[in-house]
Amino acid sequence: MKVMTAIKDMQSEIGKQKGLGKTIGFVPTMGFLHEGHLTLLKQARKENDIVVLSIFVNPLQFGPTEDFSTYPRDFERDRALAEAEKVDFVFYPSEEEMYPHVPSVRAVVQERTDVLCGESRPGHFDGVATVLTKLFNIITPTRAYFGKKDAQQVAVVDGLITDFNFPIELIAVDIVREADGLAKSSRNVNLLQDERQQATVLFKSLQIAKKAIEHGEQSPLKLISLITDIITGGSNGQIDYVEIFSYPQLKPLEKLEGTIIIALAVKFSKVRLIDNFIIQID
């Protein structure tokens, strides 16, 4: 495994691999890897000749109230995990390497960001789209891997790849869950003991909503009410949102049709948890 810190060196190495006809699987991250990231790397390893992991804490996607300086970083731990997953290249640029000057051009995401988590984080996805545009041009991957847990980010990346005509296949990987259904997250350790037990109600509410759909329920409002009642009745968590939209367009629905997402966010005392189901309605 090679660690590359310079853009020109990374581009040169990718050029050599592509010249040999190799396919490139790319997993972009901000580091502090967890099991969700490792699942992406495992799938990339199965489907590509070469696997590239990027680790870059992107300042452009942090809001004024979000502390970029305290974002967790542990490169040596990340390096060991990447090596165990048989990653070929780790792209680990500095902030100065990625942004040697104030960018003269930035991406602006005009759709799919005014709902869910994006509603409370204006400008966040502009920063995501800007850094991914740079990374896609540096790595020029065959396939790029993202987790469905952050389904809104997947939707934004889908739009970026489509609208900017990147010749990249977007691979959205299923949510990794604990044995009791809770979506895995580095934030789960911040749950108090009783909150950890209560948090299982998030997944249970989505399962019950899915069964209601299978039994013919077509009203988004009734499903939202059902999920809300289950969560409030089974936990002390404060609901941030429960929403149902078309996917990946993230447009409101009067009735369920096509591909939809049921997404929720719930705040506990020290952590905010998100979860979702993406379902195809026949």
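Values in this text are rule-based calculations from the coordinates and carry no lab data. Predicted model only: the values in this text are computed from it and were never measured. Heads up, the Cβs are rebuilt from the backbone with ideal geometry, glycines too, and the neighbour counts pull from every protein chain shown.
Some notes on this structure:
- 5 Å binning of all Cα-Cα separations within the stretch 186-281, expressed as whole percents from 0 upward: 3, 14, 26, 23, 16, 11, 6, 2
- Extension gain, Glu96-Gln207: 0.36 nm per intervening residue step, less the Cα-Cα distance, totals 35.4 nm.
- Calculated FRET value between Thr228 and Lys184, using beta carbons and R₀ = 22 Å, to 0.05: 0.35
- The simple spin-label model puts a point 7 Å past each Cα toward its Cβ; for Lys255 and Glu119 those points are separated by 2.5 nm.
- With R₀ set to 51 Å, the beta-carbon distance separating Lys16 from Ser69 gives a calculated FRET efficiency near 0.90.
- Antiparallel bridge percentage (DSSP; both residues within the chain; nearest 5): 50
- Cβ crowding within 10 Å averaged over residues, with 218-229, 186-197, 131-142 ranked highest first: 131-142, 218-229, 186-197
- Cross-link pairs Lys2/Lys86; Lys148/Lys184; Lys134/Lys184; Lys211/Lys255 - those with Cα-Cα distance over 18 Å: Lys134/Lys184
- Note on Lys42 and Ile239: the model spin-label points, each 7 Å out from Cα along the C-beta direction, lie 3.4 nm apart.
- Those residues of the stretch 194-215 whose amide nitrogen sits under 18 Å from the label point placed on Lys270, 7 Å along Cα→Cβ: 194-200
- Our helix-only sum for the chain, with -39,500 (n - 2.57) per DSSP H run of n ≥ 4 divided by its residues, gives a mean residue ellipticity at 222 nm of -11500 deg cm²/dmol.
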